[in-house]
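What follows draws every value from the coordinates through simple rules; no lab data is involved. Keep in mind the model is a prediction, meaning the values are calculated, not measured. Cβ placement follows ideal geometry from the backbone for every residue including glycine, while neighbour counts extend to all protein chains displayed.
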C-alpha cells in the first residue's frame, strides 16, 4: 500500500466537551485522507474535473471506526500530538480506499476504514452521479480488488437495512424519529455539499433525544465502533429525518440510524454504532 503520514496538535477547534469527539476525528482524518488522495493524484482535489469540465469530488461512501477500550477518544487531550498514518488502494479510477491508523506517541488509538468515490454535483446536491476525474491517474496505487471494495458492504446494507455491527445479543428497547432542517451556514463545506462528518452530529443529536424519550440516563457515551454507509446527500435547503433504534446489552448501548431526506423520502445514510456507558 502507499502510505502517507500527518500530524495534528489538538487545540480548541479540534475538540468539544468530550475532548477529541468522533465528528472532529472524522473531520480531520477525512481532511488527511483527501490530502493523501491529492498527493497520489499529483494535483489539488479542487482541480479535478470530468472530461466535460464539471467539478469532481472524492465523496465518502463508507466509513468504519474502531476505538480500543484502552485509548478512547476522551483520553486525547489539548496540546497532544495525534499522528495519522494513511494507506491507500484504488479501484480503477473511480474509488479510493484508505486505512487510517491514529495514535499519540507510542499509544495506538482508533483505526478508520474510509472509502471514497468520485462524484459530480452538476445536477444538484441531491442528484450526485459517479464521475471519474479526467486528469488524475491512480494506477500507481495498489489495486483494491472488487471483492474487497466496501461498496459490497454498502450494497448489502441497502438491501438488509443493517450494517452487521449490532448482533442478536443486543436487546431492542425503543426507537425515535428526529427531523432536522439543514443549516446552510453550519452544515456545509467548501464544495457546497452537506459535510460528511456532520452526519455524525445529526445522529448524535437524534440518539440523545431518543435516550431522553426512553428515560435512559446515559450522559457519557464513549464510542467504540461505528459503520456508516452513504447513499446520497441532501440539498442545503432540505430537511432530513433521522430514525434511531436503540439497543442495550450489559454496560453498553447500541444504535441503528436511518437518515432520509424529506425532499423525496430517499434514504441517504445508514449507520450502526456501539458505545460504552
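Using helices alone, I'd like the mean residue ellipticity at 222 nm for the chain: each DSSP H run of four-plus residues gives -39500 (n - 2.57), total over residue count, nearest 500.
So the calculated ellipticity at 222 nm is -5500 deg cm²/dmol.
Could you check which residue among 148, 80, 168 shows the biggest mean-square fluctuation in a GNM of the chain with a 10 Å Cα cutoff? Among 148, 80, 168, the largest mean-square fluctuation in the Gaussian network model of the chain belongs to 168. The equivalent ellipsoid of segment 1-144 has semi-axes of 30, 16, 13 Å, largest first, where each one is the square root of 5 times an eigenvalue of the Cα gyration tensor. Neighbour counting of Cβ atoms within 10 Å sorts the residues 79, 187, fewest neighbours leading, into 79, 187.
Protection proxy ranking for 52-62, 221-231, using the average of other Cβ atoms within 10 Å per residue and placing the highest first: 221-231, 52-62.
Between the alpha-carbon centres of segment 227-277 and segment 136-154 there is a gap of 26 Å. Neighbour counts of C-beta atoms inside 10 Å place 74, 147 in the sequence 147, 74, starting with the fewest. Labels on offer are (i) 17.9, 62; (ii) 18.4, 55; (iii) 20.0, 67, and the one holding Rg and Dmax of the Cα atoms in Å computed from this structure is (ii).
Between segment 76-94 and segment 198-217, the C-alpha centres lie 28 angstrom from each other.
Find the all-direction average of the projected area of the Cα convex hull for segment 147-277, expressing the result in square nanometres with one decimal place.
Numbers: hull surface 34.7 nm².
Computing the convex hull of the Cα atoms and averaging its projections yields 8.7 nm².
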